[in-house]
Amino acid sequence: MARWEPDARGRLVQAALALYGENGYENTTVAEIAQRAGLTERTFFRHFADKREVLFDGGSALQELIVSVVADAPDPLAPIDAAAAGLEAAGEQFFVPERRDFAGQRQAVIASNPELQERELTKLAALSTAIADALRRRGVEDPAATLTAEVAIAVFRTAFERWIDETNRYGFPELVRDSLDQLKALTAA
């Protein structure tokens, strides 16, 4: 096996996504993923706790970036705009055009499996809690901090679904801003 080739983690992710698409998540084993990537199972487990974590790689870095931008946003910025700034920053770093196909394939795998859907919801709930905590540190009291964080997650999910749509021609940050603007227009009416 070609263990010395670079980017073992990336190769494992690509192999897993391809196999999940071909055979389904449930019917794919860690051994098959490692073999497709030209690596050993031991190497797989050095990078991931289990086969489901392949789909959630980078979630901690995404959360850290969003939270740091929310925490460091200028003081006069409204809480929802601070949260949106965090989402937009994430879009600029994580949701770039060359990753759109990958993100769409990943989302299709998650949508096809209740266990993975649950994991996705757990990750989003943790992100919401982290955003709310960052807002509280900015002096936003509850329930406003919690409500703002939950709205930010709704905006995130809506923008993401729009971004992976094959007919979409807009960047993720633009979709975040547009989704938030539409929400603001609805609540102002």
So which pairs qualify, if the first residue must be in the stretch 144-163 and not assigned by TED's automatic domain parsing to the domain that holds LEU87, the second must be of a type in the set (Phe, Trp, Tyr) and in a helix (DSSP H, G or I), the Cβ gap must be under 7 Å, and the two must be at least 6 apart or on different chains? none
Do any residues in the stretch 167-178 that are farther than 9 Å from GLY91 by Cα and in contact (Cβ under 8 Å) with a residue 24 or more places away in the chain have Cβ atoms under 8 Å from those of residues that are among the acidic types (Asp, Glu) and surrounded by 15 or more Cβ atoms within 10 Å (Cβ to Cβ), where the two are at least six apart or on different chains, and which pairs are they? ARG177/GLU88
Would you point out the residue of the stretch 120-132, among those that are surrounded by 18 or more Cβ atoms within 10 Å (Cβ to Cβ) and farther than 19 Å from ASP57 by Cα, that is nearest to the chain's Cα centre (by Cα)? ILE131
Scan the stretch 33-76 for residues that are within 22 Å of SER128 (Cα to Cα), outside any helix (DSSP H, G or I) and small (Gly, Ala, Ser) and jot them down. GLY58, ALA73
Evaluate the following for LEU135: is it within 22 Å of ASP72 (Cβ to Cβ) and either assigned by TED's automatic domain parsing to the domain that holds LEU87 or surrounded by 20 or more Cβ atoms within 10 Å (Cβ to Cβ) (or both)? yes
Are there any pairs, at least 6 apart or on different chains, whose C-beta atoms fall under 6 Å, with the first in the stretch 88-109 and over 13 Å from GLU174 (Cβ atoms) and the second modelled with pLDDT of 90 or more and not in a helix (DSSP H, G or I), and if so, which? VAL109/TYR25
Considering only residues that are over 28 Å from GLY21 (Cα atoms) and acidic (Asp, Glu), look in the stretch 46-88 and name the one that is surrounded by the most Cβ atoms within 10 Å (Cβ to Cβ). GLU88
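The values are calculated or read from the model by the stated rules, or taken from the named source; none is laboratory data. On a predicted model such as this, the values are computed, not experimentally measured, just so you know. Every residue, glycine among them, receives a Cβ derived from its backbone with ideal geometry; neighbour counts consider all protein chains shown.
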